[in-house]
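Novice: Here it is: the structure, laid out below.
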Amino acid sequence: MKEYLKKVLQARVYEVAKKTPLEKAKNLSRRFKNNIYLKREDLQEVFSFKIRGAYNKMQNLTKEQLSRGVITSSAGNHAQGVALSALKLKTKATILMPITTPIVKVNAVKELKAEVILFGDNYDESYIEAQRLSKERELSFIHPFNDPEVIAGQGTIGVELLSQLKDPPDAIYVAVGGGGLIAGISIYIKNLWPTTKIIGIEPEDADAMTRSLKEKKIIELDNVGLFADGVAVKKVGKLTFDIAKQYVDKMITVNTDEICAAIKDVFEDTRSILEPAGALSIAGMKKDIAESDYKNKNLVAIACGANMNFERLRFVAERAELGEYKEVMFAVEIPERPGSLVELCKLLKKRNLTEFSYRMSNSSSAQIFMGIEVKGITDKENLINIFNNSHHKFIDITNDELSKNHLRHMVGGRLPSEISKSKNEELIELLYRFEFPERPGALMNFLKSMRPDWSISIFHYRNHGADVGRIVIGVLINKNGLKEWFDFLNVLGYKYWDESNNQTYKLFLGASN
């Protein structure tokens, strides 16, 4: 590892990169009773730390290599780093980007005069194509993370931290995709501040490094979530994995709601908006503070990127309250009689309602969909205890994806009994949730793939301004035709979940009795 340390110290990045500030997050520090600092890599010219590694690698290329040009694959941030570096070094850059890449990142790369080729639904597919083109066109491939010079370039962040802090911090929190950032920082920090913990953060649905370190070998994921597209990598690099094995103290995974809450936290402290991958470190730091009960610690989080699609803010704002434990969602059953709603609302004490859906029924009971404002996880647990001690039947659906993405906007109707029973005893309703790459024609492809004799009983599509589209669909199918339905699912190729036995579906949308 001494060779890596030498490379970090010799890295040339400041011809294009800035020495970014280390700022105390006053609101976060006060709320969590620790000294929390943000390393503002979102303030780079390309709004991401990636410019460091890309430029350090490219300035080490020979004149002949630069004359032929460079190529890379990237979900966006590394692409901008390569494109800007190419402008500075007067070479041509070809960038392979997944079709699902947010348009803000695609446009940013094009503005830097690079050739953009959209290919594949994720980083790994565009990476394979970039490797092929690299050989075909004799272009130098600039790896986003698994390269010694790239790792060394990212390590200059560690050099800056050493000069910006008087004493070693207790922990540094770093977002992990392929592992280049955490590898570079940990190499430098651990050699000079061995007591400082290096903690990596990944999304729960893109946890390649977490699994690999646990299994002590590189694990390739079958699928990765695309919300934090900047870290949507199925397999970490061999070089970065070897470094992480030696220097990373702990890995933490966070969910989408926790990432959204972290974006909001940073906005409230800095008035800047991080992208999901850029806020990963803050989300993981908050989780670690809560689980470890830290007090008066000096903690650093790397705010590593701010290439956010504006359209995504709608989704972020909606989910941030759940990630901050400021809202819970309940499905509650009440008797269909006068005074029952008042009785239910008394359980809330002084808590505010954020959402309330109710539809009168002729049956003996009614199902209520409720959003309730709470003041953190302790208050949520107190509210659950209140409901447990009442006579009301309820389900906590705060973490149910079907409810958060679809049912909260659809509550109110059931499949009429005359359709579900008297028309055809063999007719059944299936409910499925789908995710697919949000690109032109994807929704139409889905609809055209369905058999014309299938009756759609429920259909809900919601554009979140994200890189994945979400559909929930109910279909009426004869029991004898189930094989054709399952064949359709397999041929379609989209991620799907069978929600036919989901409790909230049965409560709010299932066939009436």
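The values are calculated or read from the model by the stated rules, or taken from the named source; none is laboratory data. Since we're looking at a predicted model, the values are computed, not measured. Note: ideal-geometry Cβ built from the backbone for every residue, glycine included; neighbour counts use all protein chains shown.
Novice: Which residues, taken from the range 1-48, are assigned to a helix (DSSP H, G or I), touching an Asp or Glu at 6+ places or on another chain (Cβ under 9 Å) and within 22 Å of Ala244 (Cβ to Cβ)?
Specialist: Lys7
Novice: Sticking with this one: Does Glu258 satisfy the criteria of being buried (at least 22 other Cβ atoms within 10 Å of the Cβ), farther than 30 Å from Tyr4 by Cβ and within 21 Å of the chain's Cα centre (by Cα)?
Specialist: Yes, satisfied.
Novice: So which residues in the range 368-405 are crowded, with 18+ Cβ neighbours inside 10 Å and in a loop (DSSP other than H, G, I, E, B), if there are any at all?
Specialist: Val374, His392, Ile397, Thr398, Asp400 - these are the residues of the range 368-405 that are crowded, with 18+ Cβ neighbours inside 10 Å and in a loop (DSSP other than H, G, I, E, B).
Novice: Do we find a residue being within 13 Å of Pro144 (Cβ to Cβ) and either surrounded by 24 or more Cβ atoms within 10 Å (Cβ to Cβ) or aromatic (Phe, Trp, Tyr) (or both) anywhere in the range 88-95?
Specialist: Yes, the conditions are met somewhere in the range 88-95.
Novice: Of all residues in the range 180-198, count the ones that are in contact (Cβ under 8 Å) with a residue 40 or more places away in the chain and surrounded by fewer than 24 Cβ atoms within 10 Å (Cβ to Cβ).
Specialist: Residues flagged as in contact (Cβ under 8 Å) with a residue 40 or more places away in the chain and surrounded by fewer than 24 Cβ atoms within 10 Å (Cβ to Cβ) within the range 180-198 amount to 4.
Novice: Next question, about the same structure. Somewhere in the range 72-84, is a residue among the hydroxyl-bearing types (Ser, Thr, Tyr), under 20 Å from Leu274 (Cα atoms) and free of Cβ contacts under 8 Å to residues at least 60 places away in the same chain? Outline the logic, then answer.
Specialist: Here is the first cut: in the range 72-84, the residues among the hydroxyl-bearing types (Ser, Thr, Tyr) are 72-74.
Imposing the further condition that a residue be under 20 Å from Leu274 (Cα atoms) reduces the set to 74.
Going one step further and asking which of them are free of Cβ contacts under 8 Å to residues at least 60 places away in the same chain, we end up with none.
Checked the range 72-84: no residue is among the hydroxyl-bearing types (Ser, Thr, Tyr), under 20 Å from Leu274 (Cα atoms) and free of Cβ contacts under 8 Å to residues at least 60 places away in the same chain.
Novice: Of all the residues that make up the range 229-249, how many are among the aliphatic types (A, V, I, L, M), under 23 Å from Pro437 (Cβ atoms) and part of a helix (DSSP H, G or I)?
Specialist: 1
Novice: Same structure, new question: Just for strands (runs of 3 or more DSSP E) wholly inside the range 450-503: which have at least 1 residues that are at pLDDT below 90 and either of a type in the set (S, T, N, Q) or more than 30 Å from Ala232 (Cβ to Cβ) (or both)?
Specialist: In the range 450-503, the matching strands (runs of 3 or more DSSP E) lie at 455-462, 468-478.
Novice: Just to check your reading of the model, which residue among Ser67, Ser48, Ser29 is over 30 Å from Ser292 (Cβ atoms) and among the small types (Gly, Ala, Ser)?
Specialist: Details: Ser48 fails: over 30 Å from Ser292 (Cβ atoms); Ser29 fails: over 30 Å from Ser292 (Cβ atoms).
Of Ser67, Ser48, Ser29, the one residue that is over 30 Å from Ser292 (Cβ atoms) and among the small types (Gly, Ala, Ser) is Ser67.
Novice: Across the range 88-134, which residue is farthest from Phe310 (Cα to Cα) among those that are of a type in the set (A, V, I, L, M) and in a loop (DSSP other than H, G, I, E, B)?
Specialist: Ala114
Novice: Continuing with this model, one more query. When you look at Ser74, is it surrounded by 21 or more Cβ atoms within 10 Å (Cβ to Cβ), closer than 29 Å to Arg312 by Cα and more than 26 Å from the chain's Cα centre (by Cα), yes or no? Show your work before the answer.
Specialist: Details: surrounded by 21 or more Cβ atoms within 10 Å (Cβ to Cβ): yes; closer than 29 Å to Arg312 by Cα: yes; more than 26 Å from the chain's Cα centre (by Cα): no.
Judged against the criteria, Ser74 is not a match.
Rundown of residues vs (1) modelled with pLDDT of 75 or more; (2) of a type outside the set (A, V, I, L, M, F, W, C), yes/no style:
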| residue | (1), (2) |
| --- | --- |
| Ala331 | yes, no |
| Pro335 | yes, yes |
| Leu341 | no, no |
| Phe369 | yes, no |
| Leu383 | yes, no |
| Leu407 | no, no |
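Novice: Take the residues in the range 137-179 that are among the polar types (S, T, N, Q) and farther than 18 Å from Gln10 by Cβ; name whichever of them is surrounded by the fewest Cβ atoms within 10 Å (Cβ to Cβ).
Specialist: Ranking the qualifying residues of the range 137-179, first place goes to Gln164.
Novice: Which residue is farthest from the chain's Cα centre (by Cα), if the candidates are limited to the range 272-327 and must be on the phi < 0 side of the Ramachandran plot and of a type in the set (Ser, Thr, Tyr)?
Specialist: So the residue we want is Tyr294.
Novice: Restricting attention to the range 77-87, and to residues there that are touching a Leu at 6+ places or on another chain (Cβ under 8 Å) and surrounded by 24 or more Cβ atoms within 10 Å (Cβ to Cβ), which single residue is nearest to Ala306 (Cα to Cα)? Before the answer, list the steps.
Specialist: First, the residues of the range 77-87 that are touching a Leu at 6+ places or on another chain (Cβ under 8 Å): 80, 83-84, 86-87.
Subsequent filtering for residues that are surrounded by 24 or more Cβ atoms within 10 Å (Cβ to Cβ) retains 80, 83-84, 86.
Details: Gln80: 12, Ala83: 17, Leu84: 16, Ala86: 21 Å.
Result: Gln80.
Novice: Look at Lys7 and say whether it is under 29 Å from the mean Cα position of the chain (by Cα) and in contact (Cβ under 8 Å) with a residue 12 or more places away in the chain.
Specialist: For Lys7, the condition - under 29 Å from the mean Cα position of the chain (by Cα) and in contact (Cβ under 8 Å) with a residue 12 or more places away in the chain - is not met.
Novice: Restricting to the range 243-263, name every residue that is under 20 Å from Ile198 (Cα atoms) and hydrophobic (A, V, I, L, M, F, W, C).
Specialist: The answer is Ile243, Ala244, Val248, Met251, Ile252, Val254, Ile259, Ala262.
Novice: Separate question: Which of the residues that make up the range 276-333 are more than 30 Å from Gln503 (Cβ to Cβ) and assigned to a strand (DSSP E or B)?
Specialist: Asn298, Leu299, Val300, Ala301, Ile302, Ala303, Gly305
Novice: Could you grab the pairs with beta carbons closer than 6 Å, sequence gap of 6+ or different chains, first residue in the range 481-503 and outside the structural domain of Gly120 (by TED's automatic domain parsing) and farther than 19 Å from Asp222 by Cα, second one modelled with pLDDT under 90 and part of a helix (DSSP H, G or I)?
Specialist: Listed pairs, sorted by first residue: Glu499/Leu402; Glu499/Tyr505; Asn502/Leu402.
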